[in-house]
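*Asks:* There's a structure below that I have some questions on.
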Amino acid sequence: MSIYMSVGLVGVCLIAGGCQSAHPRVKAHDAERAASAMALLAGLDGEWELANPSEEIPEGRAVFAVSSAGSVVREIMVPGTPHEMTNLYHMDGDVVVCTHYCAAGNQPRMVATEVAELDGSPGLVFELDSVSNFLEDHSHYMGGLTLVFVSEDRIDQRWTSFDASGETAGEMVFEMKRVRGHGG
């Protein structure tokens, strides 16, 4: 059974909420489901390209790599451009977290609050835990990320940004298709 089917059978569940977090939706930790979520993320290892170019984003790519003896998944978005950004996914105890190192200069930390079936595919929902280095001149920060694992060669990233008052500032959807796997 593929990891996509295994996680899909898990159904909707809450899996996170950092030990120090006051996130209202977090109710319980679940190490087994969090480990399944990390296995999904590790399966992204390789190079991906934007499958839904638009006027605003004519092209883009991302590179995922498993690092640090398998304990971290590193994503570099639009590598080699002035807007290059890095996302680090890892466990914090029995919680899956993502820190987004934004081109704007701030670093939102999001926790996985759900492993869910989304649009018929396994998905991970990350919500804001905290944001560091959010300065007066920053207009926004990324505070929400949903990853939908459509297939082994297709993911959707749904990003939500927030303004300084915490109101939704924008949403972007990146449909990504695998160009090649790690080492390929």
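The values are calculated or read from the model by the stated rules, or taken from the named source; none is laboratory data. Source: prediction; values computed, not measured. All Cβ positions, even for glycine, are placed from backbone atoms using ideal geometry, and neighbour counts span all protein chains on display. Please note that ligands, DNA and RNA were not included when accessible areas were found on the heavy atoms of the full protein model with its side chains. Shrake-Rupley method; radii C 1.70, N 1.55, O 1.52, S 1.80 Å.
*Asks:* Step through the residues of the range 158-174 one at a time and calculate ³J(HN,Hα) from phi using the Karplus curve (6.51 cos²θ - 1.76 cosθ + 1.60, θ = phi - 60°), rounding each to whole Hz and writing x for Gly and Pro.
*Replies:* So the Karplus estimates, Gly and Pro as x, are 10, 9, 10, 10, 10, 8, 4, 8, x, 7, 4, 9, x, 9, 9, 10, 10 Hz.
*Asks:* What residues qualify as long-range amide H neighbours of Ala51, i.e. H under 5 Å apart, gap of 5 or more or another chain, H built at 1.01 Å from N?
*Replies:* So Ala51 has HN proximity to Glu175, Met176, Lys177.
*Asks:* I would also like to ask the following. Using a probe of 1.4 angstrom, how much of the accessible area of the range 39-184 is carbon and sulfur, in percent?
*Replies:* 47 percent
*Asks:* Here's a follow-up. What accessible area per residue comes out for the range 41-184, rounded to a whole number of Å², with a 1.4 Å probe?
*Replies:* On the way: 6810 Å² over 144 residues.
Result: 47 Å² per residue.
*Asks:* Over its Cα atoms, what ratio of radius of gyration to 2.2 N^0.38 Å does the range 58-126 give? Provide the component values of the computation, followed by the final result.
*Replies:* Values: Rg = 13.3 Å, N = 69, 2.2 N^0.38 = 11.0 Å.
Relative to the 2.2 N^0.38 Å estimate, the range 58-126 comes out at 1.21.
*Asks:* Still on this model: Under a crude label model (7 Å from the Cα following the beta-carbon direction), how far is Ser165 from Ala31 in nanometres?
*Replies:* Simple spin-label model gives 4.5 nm for this pair.
*Asks:* Name the residues whose placed amide hydrogens come within less than 5 Å of the amide hydrogen of Ala169, ignoring near sequence neighbours (fewer than 5 apart) on the same chain.
*Replies:* It is Ser161, Phe162, Asp163, by chain and number.
*Asks:* Show me, for the range 58-71, the HN-Hα J-couplings you get by feeding each phi into the Karplus relation (A = 6.51, B = -1.76, C = 1.60, θ = phi - 60°), rounded to Hz, glycine and proline as x.
*Replies:* Karplus-based 3J(HN,Hα) across the range 58-71 equals x, 7, x, 8, 9, 10, 9, 9, 7, 9, 6, 6, x, 8 Hz.
*Asks:* With N set to the number of residues, divide the alpha-carbon radius of gyration of the range 26-77 by 2.2 N^0.38 Å and report two decimals. Mind showing how you got there, number by number?
*Replies:* Working: Rg = 14.6 Å, N = 52, 2.2 N^0.38 = 9.9 Å.
Cα-based Rg divided by the globular estimate yields 1.48.
*Asks:* Along the range 81-96, what does the Karplus equation 6.51 cos²θ - 1.76 cosθ + 1.60 (θ = phi - 60°) give for ³J(HN,Hα), rounded to whole Hz, x for Gly and Pro?
*Replies:* Running phi through 6.51 cos²θ - 1.76 cosθ + 1.60 with θ = phi - 60° gives 10, x, 9, 3, 9, 10, 10, 10, 10, 7, 7, 10, x, 10, 10, 8 Hz.
*Asks:* Another question, if that's okay. Under a crude label model (7 Å from the Cα following the beta-carbon direction), how far is Thr86 from Ser132 in nanometres?
*Replies:* Label at Thr86, label at Ser132, 1.3 nm between them.
*Asks:* Could you give the Stokes-Einstein D for the range 106-184 in µm² per second, using the C-alpha Kirkwood radius, 10 °C, 1.306 mPa s?
*Replies:* In µm²/s, the coefficient rounds to 115.
*Asks:* So if I restrict to the alpha-carbon atoms in the range 53-174, what is the Rg, and what is Dmax, the biggest pairwise distance, in Å?
*Replies:* Every Cα atom of the range 53-174 included, Rg and Dmax give 14.3, 41 Å.
*Asks:* In addition: Once label points are set 7 Å from the Cα along Cα→Cβ at both Ser71 and Ser151, what is their separation, rounded to one decimal in nm?
*Replies:* Going from the Ser71 label point to the Ser151 one covers 3.6 nm.
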